[in-house]
Amino acid sequence: MLEKIQETAAFIRNSVPVVPQIAIILGTGLGELVHEITDKRDIPYESIPNFPVSTVEGHSGKLIFGKLGGKDVIAMQGRFHYYEGYTMQEVTFPIRVFQLLGVRYLFVSNAAGGMNGSFDIGDIMLIDDHINTFPEHPLHGKNYNELGTRFPDMSNAYDKELRLMAMEIARENNIKLQHGVYVGTQGPTFETPAEYNWFRIIGGDAVGMSTVPEVIVANHAKMKVMAFSIITDIGIIGKIVEVTHEDVQEAAKIAQPKMAYIMQEVINRIN
Ligand code: HPA
């Protein structure tokens, strides 16, 4: 595995003039942020050795290098979901490549169902913490000490300083920013009412099918992580309506510019 990661990292290093220390994963319907990136250079996933290729609708699959918030960034447009059939190693492969490239910050966005009674569709939730319900763990198996410790700490999985920064930026700009716990599930079904209720009872504010694997690996790699969920549907008994992938994309669109602004400002303020 290590050799493949090294090979991919070397390919990327040779393909771009600067290797950024900031990486961004754009979730479902949240690709608009790439329009804010300047001096862009794209590398389609198909042309990157060892990279999985994304399949789900709404994801186009490329790495975008450029400048955002005054800094060099790499953005993943299109991510790999466990429900598509990728192994956890494949889902998190780009994070390992970023690690070898020297990335120190990971920003993540996703679409999620809200279970907190104060959430509305189109709200942005800053992720404070997560609960991992995936059936497989991305760090299961041999540990490569070169990549991280066998038993990684997860007490600050979503970096507190970055979270405070995001909250401050939201406050200064009158952007409504919720915060809470993200429950990561395997999908691809949306939840039954009883499942939404269960995730609420165990401490979740929002639920989605991504992010947790990548954030675990980023923490193993000692990156600082900040992540946002866009609340695209509501999983509260009495308010639950049928959800489609299209609804999720539509709701994600509304919140995009505000989330992009906060991310961009945080990037601008970190050093
Ligand atoms: N559940 C799981 N994943 C999701 C949801 C949801 O309600 N909304 C968007 N992604």
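What is the residue count in segment 216-234 for residues that are more than 16 Å from the ligand (Cβ to nearest atom) and of a type outside the set (Gly, Ala, Ser)?
Number satisfying all stated conditions: 9.
Evaluated against (1) surrounded by 14 or more Cβ atoms within 10 Å (Cβ to Cβ); (2) more than 10 Å from the ligand (Cβ to nearest atom); (3) under 23 Å from residue 267 (Cβ atoms), residue 176 falls short on exactly one condition, (1).
Of the strands (runs of 3 or more DSSP E) lying entirely inside segment 2-117, those carrying at least 3 residues that are among the hydrophobic types (A, V, I, L, M, F, W, C) and within 16 Å of the ligand (Cβ to nearest atom) are 105-114. Where helices (runs of 4 or more DSSP H) fall wholly inside segment 126-226, the ranges with 2 or more residues that are among the acidic types (Asp, Glu) are 160-172. In segment 170-195, the residues that are more than 17 Å from residue 210 (Cα to Cα) form Cβ pairs under 8 Å with partners that are in a loop (DSSP other than H, G, I, E, B) and more than 16 Å from the ligand (Cβ to nearest atom), at six or more places apart or across chains, as follows: 170/176; 178/118. Does residue 53 satisfy the criteria of being loosely packed, with under 15 Cβ neighbours inside 10 Å and either within 22 Å of residue 246 (Cβ to Cβ) or free of Cβ contacts under 8 Å to residues at least 12 places away in the same chain (or both)? Judged against the criteria, residue 53 is a match.
Going through segment 257-271 one residue at a time, which ones are assigned to a helix (DSSP H, G or I) and surrounded by 16 or more Cβ atoms within 10 Å (Cβ to Cβ)? If the condition is that a residue be assigned to a helix (DSSP H, G or I) and surrounded by 16 or more Cβ atoms within 10 Å (Cβ to Cβ), then 258, 259, 260, 261, 262, 263, 264, 265, 266, 267 are the ones that fit. If you check residue 248 against the conditions, is it near the ligand (Cβ under 9 Å from one of its atoms), of a type outside the set (Phe, Trp, Tyr), part of a loop (DSSP other than H, G, I, E, B) and closer than 18 Å to residue 123 by Cβ? Considered against the rule, which asks whether it is near the ligand (Cβ under 9 Å from one of its atoms), of a type outside the set (Phe, Trp, Tyr), part of a loop (DSSP other than H, G, I, E, B) and closer than 18 Å to residue 123 by Cβ, residue 248 comes out as no. Looking only at segment 82-111, residues that are buried (at least 22 other Cβ atoms within 10 Å of the Cβ) and either out of contact with any helix residue (DSSP H, G or I) (no Cβ under 9 Å at 6 or more places or on another chain) or over 20 Å from residue 43 (Cα atoms) (or both) come to 5 in all. Contact list please: Cβ distance under 6 Å, first residue in segment 206-226 and in contact (Cβ under 8 Å) with a residue 24 or more places away in the chain and closer than 21 Å to residue 120 by Cα, second residue of a type outside the set (A, V, I, L, M, F, W, C) and in a helix (DSSP H, G or I), pairs at least six apart or on different chains. These pairs meet every condition: 209/83.
Would you check if residue 121 is surrounded by 12 or more Cβ atoms within 10 Å (Cβ to Cβ), in a loop (DSSP other than H, G, I, E, B) and within 15 Å of the ligand (Cβ to nearest atom)? Against the criterion (surrounded by 12 or more Cβ atoms within 10 Å (Cβ to Cβ), in a loop (DSSP other than H, G, I, E, B) and within 15 Å of the ligand (Cβ to nearest atom)), residue 121 qualifies. The residues on offer are 5, 43, 25, and the sole one that is in contact with a Phe, Trp or Tyr (Cβ under 9 Å, 6 or more places away or on another chain), more than 20 Å from residue 213 (Cα to Cα) and buried (at least 17 other Cβ atoms within 10 Å of the Cβ) is 43.
Going through (1) surrounded by fewer than 18 Cβ atoms within 10 Å (Cβ to Cβ); (2) within 29 Å of residue 36 (Cα to Cα) one by one, residue 140 falls short only on (2). Exactly one residue out of 254, 237 is away from the ligand (no atom under 11 Å from the Cβ), in a helix (DSSP H, G or I) and either within 15 Å of the chain's Cα centre (by Cα) or in contact (Cβ under 8 Å) with a residue 12 or more places away in the chain (or both): that is 254.
Taken together, the values in this text are just the output of simple stated rules run on the coordinates, not laboratory data. Owing to the predicted nature of the structure, the values given are computational and were not obtained by experimental measurement. Note: ideal-geometry Cβ built from the backbone for every residue, glycine included; neighbour counts use all protein chains shown.
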